[in-house]
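Okay, so here's the structure we're looking at.
The values are calculated or read from the model by the stated rules, or taken from the named source; none is laboratory data. All figures in this text were calculated on a predicted structure; none of them were measured in a lab. Quick reminder, even Gly has a Cβ in these numbers, built from the backbone with ideal geometry, and neighbours come from all protein chains shown. For accessibility, only protein heavy atoms count, side chains too; no ligands or nucleic acids. Shrake-Rupley method; radii C 1.70, N 1.55, O 1.52, S 1.80 Å.
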Amino acid sequence: SSGINAESQKHLSDMTSQEAYTYVAPTTTRQNRIQPIANPSEVSYSRLINRVTERLETESNVLWTEISRMCNYDSKTVDLFKSHNTQLPTIYLIQKTHKFDCNVLVSDVDIISNCKIRPIVSCINSPSEKLAWIVKSILSPLLNHVPSHLSNIHTHLEELQNMSHQQLSGLSFFTADVTALYTNINISGCIQDLITLTEEHWEDLDTWGLTLTHIHKILEFVFTNSYFTYHSRLYLQKIGLFMGCQPSPIGAIVRVYIPAVMATLR
């Protein structure tokens with residue numbers, strides 16, 4: 001900790017490391033880095049005053065009770081997925097240390113100003129967490145029907161290594177990325193794409209006796225009630241998906257995949 005004065009040491013809160021370097025930042029710096037994300041003037045987020053936890057908890061339980069009644073679930077199953085004593089999701093940041101230019105020494109970079117950040121919203125014990133788990137469990141097998149989805153990098157590398165020179169001849173390899181994928185997802189379009197793919201592969205899914213309408217209602221509740229807290233303040237994410245909500249990865253992958261498939265069919 002040489003070179004860090006006593007006053008700074010009192011406020012050290014963040015530490016990020018990547019192989020050969022580590023840096024620390026005072027609490028005020030962390031707050032300044034997140035402020036653009038939770039700025040009420042931004043189109044993506046708005047700050048709220050009224051607390052919504054009890055309302056969301058009630059709505060979640062009413063929705064689940066209604067669905068359970070229509071599916072004839074027993075009382076133990078009904079109680080298992082009801083929400084009690086919940087709290088709103090909380091936002092935190094993961095700093096993208098891999099985004100630094102590999103040709104520039106880290107010691108020459110203003111890390112605090114140039115480090116990109118990934119907003120993660122922790123939904124643990126949130127009013128919608130249990131319902132989110134249900135749709136995530138039901139819809140996860142849909143990824144088996146998305147050819148471009150990589151379940152893990154190791155299997156992908158093994159497949160490439162097993163390809164012959166003739167198969168690889170003339171091919172070029174590239175990667176593509178989407179800027180701010182989760183927060184750029186259109187929620188209504190995402191839900192519709194998930195429902196479309198679910199209907200197409202209905203026989204391959206264990207739907208727990210739910211109908212497409214039930215799944216649609218749960219997805220709508222989970223994805224549209226995007227409330228979170230930061231610094232004891234309440235915010236609403238007005239567009240996109242939470243990175244941290246259980247069905248969000250499935251929704252994002254399918255949302256990117258479906259338009260690509262439709263484009264090839266035109």
(message) Quick check on the stretch 111-169: take the gyration tensor over C-alpha atoms, sort the square-rooted eigenvalues as a ≥ b ≥ c, and tell me if it's rounded (a/c under 1.5), prolate or oblate.
(response) oblate
(message) Could you work out the percent of alpha carbon pairs in the stretch 151-266 separated by over 19 Å, rounded to a whole number?
(response) 61 percent
(message) Just to make sure I understand: if all protein chains stay in place, what is the order of MET243, MET70 by accessible area at 1.4 Å, largest first?
(response) MET70, MET243
(message) Can you give me the long-range amide H partners of LYS96? Hydrogens built in the peptide plane at 1.01 Å from N, cutoff under 5 Å, separation of 5 or more residues or another chain.
(response) LYS116, ILE117, ARG118
(request) Enter the accessible area of GLU158 (Å², nearest 10), with the probe set to 1.4 Å and all protein chains included. (result) 110 Å²
(request) Please work out the Cα center distance from the stretch 138-162 to the stretch 40-80, rounded to the nearest Å. (result) 33 Å
(request) With r as the distance between the Cβ atoms of MET70 and SER148 and R0 = 45 Å, compute the FRET efficiency 1/(1 + (r/R0)^6) and round to 0.05. (result) 0.80
(request) May I ask you to list the residues of the stretch 228-246 whose amide nitrogen lies under 18 Å from a point 7 Å from Cα along the Cα→beta-carbon direction of ARG47? (result) 228-238
(request) Determine the per residue accessible area of the stretch 154-266 with all protein chains present and a 1.4 angstrom probe, expressed in square angstrom. (result) 59 Å²
(message) Students often get this wrong, so check it: of LYS96/LYS217; LYS136/LYS217; LYS99/LYS130, which have C-alpha atoms separated by over 24 Å?
(response) LYS96/LYS217; LYS99/LYS130
(message) For the pair LEU236/ASN184, report the inter-label distance in nm, with labels modelled 7 Å from Cα in the Cβ direction.
(response) 2.5 nm
